[in-house]
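Comments concern the structure below.
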Amino acid sequence: MATEGESVMSAAHCIERAVVTGAAGFIGSHVVEALLQRGATVLGIDRRSPRDNALAAENLKGVMEHPGFRLVQGDLVTDELKPWVRAADAVFHLAAIPGVRPSWGDGFGEYLACNVLATQRLMDACQSSGVRRLVLASSSSVYGDAVGRGPLREEDATAPLSPYGVTKLAAERLALAYALAPASPTSVVALRYFTVYGPRQRPDMAIGRMLRGILTGEPLQLYGDGHQRRDFTFVTDAVAATVAAATADATAEAVNVGGGDSVSVLDVLRRIADITGAKVPVRDDIHQPGDVQVTEANLTKARELLGYVPSITLTEGIERQWKWLSARSRGPLHDAAAVTA
Ligand code: NAD
Ligand code: UGA
């Protein structure tokens with residue numbers, strides 16, 4: 001992308017009516033903003049609403065009064081979806097239960113329902129309503145571990161190592177299967193996001209927890225030895241790829257969306273110390289099951305199909321998240337317990 005947001009602008013010009021599922025979430029709320037800024041009307045669908053959920057209120061406070069935006073509080077697992085998607089030029093499917101580590105054990109039923117069944121129901125509704133494009137939030141977790149085999153290309157083997165990753169791969173394959181069905185009106189671009197960060201990041205995620213640790217003194221529980229690496233992606237870059245995917249020339253494609261550099265958790269802690277002038281308090285904890293050692297994206301296909309080149313370096317992105325977070329007083333974004341779906 002030549003400049004930040006430039007391709008968002010040209011792609012969004014072709015979308016007049018968009019539906020965004022998971023609109024009250026971290027990435028979904030940024031997608032809503034980007035589409036509205038470019039003149040689209042947006043119907044957001046989310047189980048959470050600013051009326052009853054503090055995180056949703058924080059995430060959507062910039063758009064609730066926008067004349068082009070309407071939020072419906074609904075559940076993709078149980079509600080009738082056709083009336084919501086019928087008029088859409090494009091559906092952006094961001095809704096899911098997103099955490100890697102809590103996906104073991106009893107909570108898995110929610111992952112299965114909200115990530116897999118919800119995607120199947122949404123694809124069914126899109127197909128029977130003649131929606132032309134669905135953009136799906138997939139995940140780097142579909143690959144499993146990239147250690148010794150990265151940067152990973154989309155055709156490389158998928159071998160998720162967490163129950164969450166299994167549900168994201170199932171959702172991706174489901175959406176692509178619908179797109180490939182004979183005479184399907186709905187094409188699909190599944191974006192494999194790599195660890196997205198930035199303003200409004202989910203409170204359970206690493207960079208937000210580190211920055212909050214500086215403000216509150218609450219130590220980060222460092223899982224494992226900190227040498228695990230992530231291809232951290234700034235949220236405006238992820239959004240630019242997402243909006244571009246709505247008009248890309250594609251029938252059924254999976255595409256990596258990474259930040260362009262695979263960096264260790266210890267390196268992130270060092271950068272935060274440099275940026276803030278303070279050390280993140282840390283408490284050692286054990287490696288978490290399902291946490292891969294390395295994620296690393298090959299971005300060739302993203303560049304070719306979406307014109308995507310990440311434009312925000314990790315240091316610049318952390319600076320922006322720090323500026324945003326430190327301007328806020330204590331609230332839901334300072335409270336990891338508030339992350340329930
Ligand atoms: P988030 O939790 O902030 O947003 C997800 C939203 O989906 C929430 O507001 C939640 O209420 C909603 N939702 C969940 N189940 C629903 C249902 N059944 N019906 C209606 N709404 C429902 O998560 P996020 O970090 O913004 O992630 C967005 C998407 O991107 C998810 O699909 C996630 O798997 C994917 N993803 C995120 C990252 C990341 O680093 N944040 C990386 C890879 C993939
Ligand atoms: C993130 C998102 O949370 C998932 O929704 C998404 O699917 C995934 O990226 C992806 O790329 O597909 P994760 O990489 O675990 O998952 O993101 P963080 O929670 O920011 O964790 C990054 C690293 O920091 C991990 O190695 C984790 O073990 C570590 N970490 C995280 C800690 O050491 N302590 C914490 O409190 C949180």
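Worth a mention:
- Zone of residue 120's modelled label, taken as backbone nitrogen in the stretch 87-113 under 16 Å from a point 7 Å along Cα→Cβ: 109-113
- For the stretch 14-109: accessible area per residue (Å², 1.4 Å): 43 Å²
- Farthest toward the positive end of the dipole of the chain, out of 21, 314, 182, is the Cα of 21, where the dipole comes from beta carbon charges about the Cα centre.
- Probe 1.4 Å, accessible area per residue of the stretch 118-240, Å²: 33 Å²
- Within-13-Å neighbourhood charge of residue 228 [Cβ basis; K, R +1; D, E -1]: -4
- The residue among 96, 146, 130 whose Cα reaches farthest toward the positive pole of the charge dipole of the stretch 63-148, with charges on the beta-carbon of Lys, Arg, Asp and Glu, is 130.
- The value given for the stretch 39-78 is a Kirkwood hydrodynamic radius of 10.6 Å, derived from the mean inverse Cα-Cα separation.
- Portion, in percent, of the accessible area of the stretch 237-303 that falls on carbon or sulfur, probe 1.4 Å: 44 percent
- More than 25 Å apart - percent of Cα-Cα pairs taken over the chain: 48 percent
- Available extension along the chain between residue 183 and residue 313 is 42.6 nm, counting 0.36 nm per residue and deducting the alpha carbon span.
- Maximal additional length on extending the residue 72-residue 159 stretch stands at 27.8 nm, based on 0.36 nm per residue less the C-alpha distance.
- Bridge type composition, the chain - antiparallel percent by DSSP, nearest 5: 5 percent
- Environment charge at residue 129 (Cβ cut-off 15 Å; Lys +1, Arg +1, Asp -1, Glu -1): +2
- Taking 0.36 nm per residue of separation and subtracting the Cα-Cα distance, full extension of the segment from residue 128 to residue 104 would add 5.2 nm.
- Only lysines eight or more places from residue 323 in sequence, or on another chain, were considered; those with a Cα closer than 25 Å are 61, 279.
- Neighbour net charge for residue 280 - beta-carbon separation under 12 angstrom, K R +1, D E -1: +4
- Computed about its Cα centre, the charge dipole of the chain is approximately 500 debye, with only Lys, Arg, Asp and Glu carrying charge at their Cβ.
- When each of the peptides 246-252, 74-80, 183-189, 16-22 is scored by how many other beta carbons lie within 10 Å of its residues on average, the order from highest to lowest is 16-22, 183-189, 246-252, 74-80.
- Helix-only CD estimate at 222 nm, as mean residue ellipticity for the chain, using -39500 (n - 2.57) per DSSP H run (n ≥ 4): -10000 deg cm²/dmol
- For the stretch 214-261, convex hull volume per residue from C-alpha positions, Å³: 137 Å³
- Label point 7 Å beyond Cα of residue 227 along Cβ direction - residues of the stretch 276-297 with amide nitrogen under 13 Å: 293-294
- Whole-percent carbon and sulfur share, accessible surface of the stretch 50-144, 1.4 Å: 51 percent
The values are calculated or read from the model by the stated rules, or taken from the named source; none is laboratory data. The structure presented is a predicted model; accordingly, all values stated were derived computationally and were not measured. Because the Cβ atoms are built from the backbone with ideal geometry, glycine has one as well, and the counts that use them run over all protein chains shown. Note: areas computed on protein heavy atoms with side chains; ligands, DNA, RNA excluded. Shrake-Rupley method; radii C 1.70, N 1.55, O 1.52, S 1.80 Å.
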